[in-house]
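Structure record follows, encoded as structure tokens.
Here, each number is a calculation from the coordinates, and none is a lab measurement. What you see is a predicted model; the values in this text were computed from it and never measured. Glycine gets a Cβ as well: all are built from the backbone with ideal geometry, and neighbour counts include every protein chain shown.
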Amino acid sequence: MQPPERTLALLESAGFADLRIEHTGPKYIAAYAQILKLADEGRLPRLGLHVIIGPSAMEKAFNSKRNIEEGRTDLIQVVCHKPA
């Protein structure tokens, strides 16, 4: 896994400017925790990604949450633009 700073450096070298980075892992952890709680309580919404993903959706959500918490994945959002 490359650190976010490496991603920023690559974008800068490609001519992108005004780079902003946000670590979104905590938001995803909270969202995964909420959906897992709803699943445990039998209160999943009728429509949602779990319908598209199928029976393994909660296992995937659990694993994704754990991977972020344990530092195996690092979710970031980058906002930038490339001057004309």
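Couple of notes before you dig in:
- The convex hull drawn around the Cα atoms of the chain, when projected onto a plane and averaged over every direction, covers 7.2 nm².
- Sparse-neighbourhood loop sites, trypsin sites (Lys or Arg not before Pro) in segment 1-61 - DSSP loop, at most 15 other Cβ within 10 angstrom: ARG43, ARG46
- The long axis of helix 4-13 is offset from the longest Cα principal axis of the chain by roughly 40 degrees.
- Normalised contact order of the chain, rounded percent, pairs of Cα under 8 Å and 6 or more residues apart: 53 percent
- Sites matching GluC sites (Glu not before Pro) across the chain that sit in DSSP coil, with at most 11 neighbouring C-beta atoms within 10 Å: GLU41, GLU70
- Partner lysines whose Cα lies under 18 Å from the Cα of LYS82, excluding those fewer than 8 positions away in the same chain, are not found.
- Separation in nanometres of the label points that stand 7 Å from Cα toward Cβ, at GLU41 and LYS60: 2.4 nm
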